[in-house]
Amino acid sequence: MKYALIVSHPHEQSFTVSVAKTVQAALQARGHEAVLRDLYRMGFDPRLGEGEIPGPHGFEPADDVKAERAVVADAAGFAFVYPVWFNAPPAMLKGYIDRVFGMGFGYGMAEEGGNTPLLNGRSLISFTSSGAPMNWLVETGAWGAMRKLFDEHVANVCGLSVLDHVHFGGVTPNMTPEAAESCLDQVRAVVARRF
C-alpha cells in the first residue's frame, strides 16, 4: 500500500524530520510505499490564493496544488509529522491542509448542502513533538483541544479514520542522542503495530 508522509519543520536535521524518515523506513521495511512530502524542502507555499476559495463563481486549485494532489491521490493513508507550536500545528502544515485537502480532494459539496467526505476508507496517523512535557499539555487542556480541533476535525471532514497520535514531549535542543533514539524506537513500534 502507498502512504503519504507530510512533514513540516524548517530544519532538515530536526527531530521532526528524523521521525518522518523513521516512519518512511519502517513502512518500507513492511513492504509499503512511503512517499515523503517535506514541505519546507519542497518550497511548498501554504498561502491559500483568492481563486482557490470555493464561492458562488466557482474556484480553481492552483497548479502546485493540482500537482501535489496527483502525488498523494492514491495514498491509502496519511501521516502528519510536525512540532507543536503555540499548542497547534505549524502554519506550513495548516496551509498544506487548507490547500491540498480542501474542496475537491478531501471533501466535496453534498447535494443537500454541506460537505461530503472524499477520503473514506483511508487513514490518518500523526507524530508530534513539543518542548513542553506531555503531562503539561494534558493538564492545561491543550492536548485535548488540539486533538479535537485538528486531528478529529480534519479526519471527520475528509472521512479519514484516525489510527493514532503519537506525541513526544520534552523534545529540546539539548536532547541526548540516546533519548532521541528511544523515541525513534517507539515510532518503529507504532508503525509495526498499526501497519
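The values are calculated or read from the model by the stated rules, or taken from the named source; none is laboratory data. The model shown is predicted, which means the values in this text are computed figures rather than measured ones. A quick note on method: Cβ atoms are made from the backbone with ideal geometry, for glycine too, and the neighbour counts reach across all protein chains shown. Just so you know, the surface numbers come from the protein's heavy atoms only, side chains and all, with ligands and any DNA or RNA stripped out. Shrake-Rupley method; radii C 1.70, N 1.55, O 1.52, S 1.80 Å.
A few comments on the model shown:
- Pair list, Cβ < 7 Å and 6+ apart or interchain, from segment 58-84 residues that are among the hydroxyl-bearing types (Ser, Thr, Tyr) to residues that are part of a loop (DSSP other than H, G, I, E, B): Tyr82/Ser8; Tyr82/His9; Tyr82/Pro89; Tyr82/Pro90
- Complete set of residues in segment 118-128 that are in contact with a helix residue (DSSP H, G or I) (Cβ under 9 Å, 6 or more places away or on another chain) and open to solvent by 10 Å² or more (accessible area, probe 1.4 Å): Leu118, Asn120, Arg122, Ser123
- Total residues in segment 1-33 satisfying the condition of being surrounded by 20 or more Cβ atoms within 10 Å (Cβ to Cβ) and not in a helix (DSSP H, G or I): the figure is 7.
- Residues (surrounded by 15 or more Cβ atoms within 10 Å (Cβ to Cβ) and assigned to a strand (DSSP E or B)) located in segment 153-162: Val162
- Single residue of segment 99-134 satisfying the filter (assigned to a loop (DSSP other than H, G, I, E, B) and polar (S, T, N, Q)) that is nearest to Phe44 (Cα to Cα): Ser130
- Unmet criterion (only one of (1) open to solvent by 10 Å² or more (accessible area, probe 1.4 Å); (2) under 19 Å from Ala91 (Cα atoms)) for Pro133: (2)
- Selected residue (only one of Pro61, Pro54 is surrounded by fewer than 17 Cβ atoms within 10 Å (Cβ to Cβ), part of a loop (DSSP other than H, G, I, E, B) and not aliphatic (A, V, I, L, M)): Pro54
- Pair list, Cβ under 7 Å, 6 or more apart: segment 117-136 residue without any contact (Cβ under 8 Å) to a residue 12 or more places away in the chain and among the aromatic types (Phe, Trp, Tyr), other residue part of a strand (DSSP E or B) and buried (at least 22 other Cβ atoms within 10 Å of the Cβ): none
- Looking only at segment 40-51, and only at residues there that are open to solvent by 40 Å² or more (accessible area, probe 1.4 Å) and either in contact (Cβ under 8 Å) with a residue 24 or more places away in the chain or part of a loop (DSSP other than H, G, I, E, B) (or both), the one that is nearest to Gly108 (Cα to Cα): Leu48
- In summary, Tyr96 fulfils each of the numbered conditions (1) open to solvent by 10 Å² or more (accessible area, probe 1.4 Å); (2) closer than 30 Å to Thr140 by Cβ; (3) assigned to a helix (DSSP H, G or I); (4) of a type outside the set (A, V, I, L, M, F, W, C) with the single exception of condition (1).
Every residue, every condition in (1) in contact (Cβ under 8 Å) with a residue 40 or more places away in the chain; (2) outside any helix (DSSP H, G or I); (3) of a type in the set (D, E, K, R), yes or no:
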site	(1), (2), (3)
Trp143	no, no, no
Arg147	no, no, yes
Asp151	no, no, yes
Asp164	no, yes, yes
His167	yes, yes, no
Pro173	no, yes, no
Ala179	no, no, no
Asp185	no, no, yes
Val191	yes, no, no
